[in-house]
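Below is one structure; the comments refer to it alone.
Derivation of every value follows stated rules applied to the coordinates shown; laboratory data play no part. Just so you know, these numbers come straight off a predicted model, no measurement behind them.
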Amino acid sequence: LKCADVGNDPTGPLLAGYGTEDLPTDPGPSAARQRPPVTHTVVSDSLGTTRNRLARILPDGSLDPSWDPNANSSVLALAVSGSTVYAGGYFTLIGGTPRNYLAAIGTNGVLDPNWNPGADSWVFALAVSGSTVYVGGWFSTINSTARRNYLAAIGTDGTLQSWDPNANGTVNALAVSGTTVYAGGGFTTIGGTARNRLAAIGTDGTLQSWNPDANNTVASLAVGGSAVYAGGWFTTIGGTARNYLAAIGTDGTLQSWDPNASYSVNTLAVSGTTVYAGGQFSTIGGTVRNKLAAIGTDGTLQSWNPDAYGSVWVVAVSGSTVYAGGAFTTIGGLGRSCVAAIDAVTGIAQ
């Protein structure tokens, strides 16, 4: 697969197209999720098939000829539930049909005619739990009139739910575990109560006591067992040094897990006892790891070392394969433009 930029746009995981520029600068403690400034990304395969910002990639690396939603601008977040793919981003059209920043597309490629929440601005994060789609981003209204500051819950039937945490700043990451929704971003309050860039909200809308207190923007979250793993631009959690990566217990206790990345972490995925991280870092704990690393849940840096040449914006794990997307051009010296499949054990690009 290859990516070509014909405008200005970034992107998100698995089915989406990717941008090809790095963002080396710190976004600041209250900033929205930073993405490379790249907006009409086209993905193409060896057969010459192209896809605008959304694509389904088959196991042999070719593009699914039947799945072509055709978004008119960046896709930054995806969540799959059953036979539905939920998408969020900068787009306002899917296949020429109006869909403001949010859309639901069947795995058969058909746009859901009934799911059209209509955010008023960018969507950065999605998480599905049961019959609810949790949404985070830069928006302030859903369905044109309903006030929802940066966080909202929408039923899989398209109905806006009463869940309304009311963040005061952007939400970049969401993770759901049981009856708790974890949020990370640039906000400093939830419902008027201090929560610096990390918060836990019950599925009933109640703000929980969990309060890690990050000193800078959180870009990614992943839950594994009784730990919530966070990545971003922060350097302290609750006043304790944690450079760009941290693990916080679901009870709110900062854990000893301290990989010590050299720069920002954009994405996380947990598989068993391994936490995969992608970003703009070049070392973990002083050991060279260019943009991709695997860290044990016990804090041990693993030998897995794909060596990406260019920033990584998303990772996802399926079986024995780690999928990565971003602004890279090679993995371990092998040409891989923006999208790669990497052996989860050896770290070699497939």
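Once the chain from Asp60 to Asp120 is taken as fully extended at 0.36 nm per residue, the excess over their C-alpha distance is 17.8 nm. Taking every Cα-Cα distance in the stretch 244-350 and sorting them into 5 Å bins from zero, the calculated P(r) comes out as 2, 14, 26, 26, 18, 8, 3, 1, 0 percent. Within the listed set Pro117, Pro65, Pro212, the Gaussian network model of the chain (springs between alpha-carbon atoms below 10 Å) gives the highest mean-square fluctuation for Pro65.
Sequence-distant contacts, meaning Cα pairs under 8 Å at least 6 residues apart, place the relative contact order of the stretch 215-324 at 18 percent. Scanning residues 5 or more positions from Val133 or on other chains, those with amide H under 5 Å from its amide H are Ile154, Gly155, Thr156, with H placed 1.01 Å from N in the peptide plane. Reported to the nearest whole Å, the Cα centre-to-centre distance from the stretch 146-212 to the stretch 218-247 is 17.
Taking amide H as placed 1.01 Å from N in the peptide plane, the amide H of Val181 sits under 5 Å from that of Ile201, Gly202, Thr203, each at least 5 places away or on another chain.
The phi torsions of the stretch 292-303, fed into the Karplus equation with coefficients 6.51, -1.76 and 1.60 and a -60° offset, translate into couplings of 9, 7, 10, 10, x, 5, 8, x, 7, 6, 8, 6 Hz, rounded to whole numbers, with Gly and Pro shown as x.
Specify which labelled value, from [x] 15.3; [y] 33.2; [z] 20.3, agrees with mean projected area of the Cα convex hull in nm² derived from the coordinates of the model shown. Among [x] 15.3; [y] 33.2; [z] 20.3, the one calculated here is [x].
Amide hydrogen proximity for Ser74: with H placed 1.01 Å from N in the peptide plane, the residues at 5 or more positions away or on another chain lying under 5 Å are Tyr90, Phe91.
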